[in-house]
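Please read the structure below before turning to the comments.
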Amino acid sequence: MDGAELAARLAGAYRRQAATAVRIDGLQRLSAGASAETWRFERIAGGAREPMILQRFTGEKQFTAALDKRTQGLVQRAAHDAGIATPRVDLILEAADGLGEGFVSAFVAGETLGQRITRAPELARARGQLAGQCARALADIHRMGRDGLPPLPAEQPAAMIGRLRRAHDGFGVRLPVFELAFAWLQERLPATVEQRLVHGDFRNGNFIVDGGGLVAVLDWEAAHLGDPLEDLGWMCLNAWRFGQIAQPVGGFGGREELFQAYEAATATAVDRQRVRFWEVFGTLRWGVICQWFGNQFITGEVPLIERAAIGRRVAETELDLLDLIEGVE
């Protein structure tokens with residue numbers, strides 16, 4: 001589908017759903033993600049221009065448990081309506097729109113590239129505040145009620161480990177460090193807690209930052225109901241530090257800074273050992289995702305060199321797992 005047809009169908013979607021005459025201007029494709037393509041455009045209605053972002057599902061197979069784009073848009077809309085700092089969802093595509101799965105949200109200015117967030121001189125002041133801001137954003141997400149949310153999967157640690165185990169076994173490669181991590185997790189299953197909304201992929205690279213710090217949370221495709229401390233563990237993965245390994249929280253902050261700000265925002269104590277469980281789980285999960293990307297290249301399913309490069313990162317996750325299990329920083 002070329003840009004002119006896409007713009008026409010978008011305008012038609014607005015006409016059908018919002019009963020509003022809208023013109024689409026300046027449609028520009030941005031870099032495509034692993035499972036979606038992203039377009040920027042200006043929505044013109046009543047003489048007013050507003051920059052918008054369209055995300056469309058490309059039809060490419062996703063790793064297990066990813067939400068479809070419609071559900072992702074509904075979650076983001078509910079989060080925005082609840083006061084969470086996330087872009088306003090303007091339109092959720094329907095079958096009649098002829099554009100597949102997707103949604104349109106307001107454009108939010110700022111930086112999303114993890115390497116720039118951890119290094120850019122103009123973001124130095126922001127980095128000093130980000131860990132605390134992330135903790136408060138997570139607290140806001142975790143206290144959200146279920147009203148307005150679409151049906152979401154309810155996850156338990158044992159089932160999540162089992163699903164990851166089956167995905168790993170499907171590649172036909174047994175990795176001793178992964179076997180150690182699976183055993184470590186099975187021996188330390190945390191007690192059941194009240195399930196809350198979990199973002200599922202809250203990390204550096206999945207939010208927008210400007211000179212004042214955190215502006216907006218993005219990428220809700222892994223949202224589910226579960227243990228809120230899963231988000232804190234995932235936030236601390238070495239993979240999301242972008243080389244700044246001495247700063248466990250996104251390459252810009254310390255664990256205690258994150259935990260203490262979260263405790264202050266929620267008036268609850270953070271169980272450090274439970275967060276460690278989730279950090280080990282998250283590292284293993286990322287390792288299996290790296291296997292999945294690498295396997296797509298090996299089998300020719302997605303013959304892109306980027307997939308091969310991510311596949312090579314399995315070895316990094318093995319080292320990270322050993323360090324976490326042995327308590328090495």
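Read-outs throughout are calculated quantities, based only on the coordinates presented, and are distinct from any laboratory measurement. Here the structure is a predicted model, which is why all the values come from computation and not from measurement. Glycine gets a Cβ as well: all are built from the backbone with ideal geometry, and neighbour counts include every protein chain shown.
Quick look at the values:
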read-out: Net charge contributed by nearby residues that have their C-beta within less than 12 Å of Phe103 (K/R +1, D/E -1); value: -1
read-out: Net charge, Leu30 excluded, C-beta distance under 11 Å - Lys, Arg +1, Asp, Glu -1; value: +1
read-out: Charge tally in the Cβ shell below 11 Å around His199, where Lys, Arg are +1 and Asp, Glu are -1, His199 excluded; value: -4
read-out: Choice from Thr112, Thr266, Thr192 with maximal GNM fluctuation in the chain (Cα, 10 Å cutoff); value: Thr192
read-out: Mean Cβ neighbour count within 10 Å, used as a protection proxy, ranking 208-214, 306-312 highest first; value: 208-214, 306-312
read-out: Cα gyration tensor, segment 1-102 - rounded (a/c under 1.5), prolate or oblate; value: oblate
read-out: Net lengthening on full extension, Val22/Leu322 (0.36 nm per residue, minus Cα-Cα); value: 102.5 nm
read-out: Residue exposure sequence - Phe171, Phe202, Phe182, Phe57 - by fewest surrounding Cβ within 10 Å; value: Phe171, Phe182, Phe57, Phe202
read-out: Segment Ile245-Arg49, length gained on full extension (0.36 nm per residue, minus Cα span); value: 66.3 nm
read-out: Over the chain: helical MRE at 222 nm, DSSP H runs n ≥ 4 each giving -39500 (n - 2.57), nearest 500; value: -14000 deg cm²/dmol
read-out: Residues Phe63 and Leu180, FRET efficiency given R0 of 22 Å [Cβ-Cβ distance, rounded to 0.05]; value: 0.50
read-out: Burial order of peptide ranges 151-158, 248-255 (average beta-carbon count within 10 Å, highest first); value: 248-255, 151-158
read-out: Cα-based shape type of segment 163-269, given that a ≥ b ≥ c are square roots of the gyration tensor eigenvalues and the cut on a/c is 1.5; value: prolate
read-out: Distance (nanometres) between label positions extended 7 Å along Cα→Cβ at Ala120 and Ala308; value: 3.2 nm
read-out: Shape category assigned to segment 68-187 from the gyration tensor of Cα positions, a/c cut at 1.5; value: oblate
read-out: Kirkwood Rh and Cα Rg combined as Rg/Rh, the chain; value: 0.97
read-out: The chain, relative contact order [Cα under 8 Å, separation at least 6], %; value: 15 percent
read-out: Proxy reagent accessibility, fewest Cβ within 10 Å first, across Arg116, Arg165; value: Arg116, Arg165
read-out: Gain upon complete extension [Leu30, Phe171; 0.36 nm per residue less C-alpha separation]; value: 47.5 nm
read-out: The chain: most fluctuating residue of Gly47, Gly148, Gly226 per GNM, C-alpha cutoff 10 Å; value: Gly47
read-out: Residue-by-residue Karplus 3J(HN,Hα) for segment 260-267, coefficients 6.51, -1.76, 1.60, Hz, glycine and proline x; value: 5, 5, 5, 4, 5, 6, 10, 6
read-out: Residue of Arg56, Arg174, Arg70 that the Gaussian network model of the chain assigns the largest fluctuation, springs spanning Cα pairs under 10 Å; value: Arg174
read-out: Fewest-first ranking of Asp2, Asp25, using other Cβ atoms within 10 Å as the exposure measure; value: Asp2, Asp25
